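Where a number appears in this text, it was derived from the coordinates with a stated rule and is not lab data. All of these numbers come straight from a predicted model, not from anything done at the bench. Glycine also receives a Cβ, built like all others from the backbone with ideal geometry; neighbour counts cover every protein chain displayed.
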Amino acid sequence: MQENEKIVKEIKAYYTEKEATKTDELIKLNNRVSLPAYIFAYSFGVVASLILGLGMCLAMQVIGSGIPLMVLGIVIGVIGIAMVSVNYPIFRGILNSRKKKYASQIIALSDEILGSKE
C-alpha cells in the first residue's frame with residue numbers, strides 16, 4: 001500500500017502548481033551566468049572543428065585534387081586550429097565577465113537563503 005501512496009503523491013506533485021522559491025531564483029541567476037558562455041563555446045567549437053576538418057580533407061586531397069587545393073587546405077586547417085585553440089580562453093573570458101556582472105546578486109541571495117536556514 002505504501003508504494004501506491006508514493007506513486008499517487010508523485011503524480012499529484014507533478015500536477016500541483018509550484019511556488020517560486022529563493023533557491024529557484026538562485027538557480028536561474030546561476031544559469032544566466034553560465035549558459036551564454038556554454039552556448040558560445042559549443043557553437044564556436046563545432047564551427048571551428050568543421051573548418052579544421054575541411055582543411056584536413058583538402059590537404060589530404062579527400063576533396064579535390066592538385067597542389068593549389070592542398071595549399072588552400074593547409075591554410076584553412078591552420079585557421080581551424082587557431083579557432084579551436086582560442087575557444088577555451090574566449091569561453092573563460094565570457095564566463096568571468098558574467099560572473100563579475102552577477103556576483104553581487106548571487107552572493108546577496110545566497111546569504112539571504114543561508115541566513116534564513118540558520
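Of (1) surrounded by 13 or more Cβ atoms within 10 Å (Cβ to Cβ); (2) over 30 Å from Leu114 (Cβ atoms), Arg98 satisfies all except one. Which?
(2)
One line per residue, one yes/no per condition, for (1) outside any helix (DSSP H, G or I); (2) out of contact with any Lys or Arg (no Cβ under 9 Å at 6 or more places or on another chain); (3) in contact (Cβ under 8 Å) with a residue 12 or more places away in the chain:
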{"position": "Ala37", "(1), (2), (3)": "no, no, yes"}
{"position": "Ser43", "(1), (2), (3)": "no, yes, no"}
{"position": "Val46", "(1), (2), (3)": "no, yes, no"}
{"position": "Leu52", "(1), (2), (3)": "no, yes, yes"}
{"position": "Cys57", "(1), (2), (3)": "no, yes, yes"}
{"position": "Ser65", "(1), (2), (3)": "yes, yes, no"}
{"position": "Ala82", "(1), (2), (3)": "no, yes, no"}
{"position": "Val86", "(1), (2), (3)": "no, yes, no"}
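For the stretch 88-118, what are the residues that are free of Cβ contacts under 8 Å to residues at least 60 places away in the same chain and of a type in the set (Phe, Trp, Tyr)?
Those that are free of Cβ contacts under 8 Å to residues at least 60 places away in the same chain and of a type in the set (Phe, Trp, Tyr): Tyr88, Phe91.
Quick one: would you say Ala20 is in a loop (DSSP other than H, G, I, E, B), under 30 Å from Gly115 (Cα atoms) and not acidic (Asp, Glu)?
So Ala20 passes the test.
For the subset of the stretch 5-36 comprising residues that are within 21 Å of the chain's Cα centre (by Cα) and among the charged types (D, E, K, R), which member is nearest to Arg98 (Cα to Cα)?
Among them, the one singled out is Arg32.
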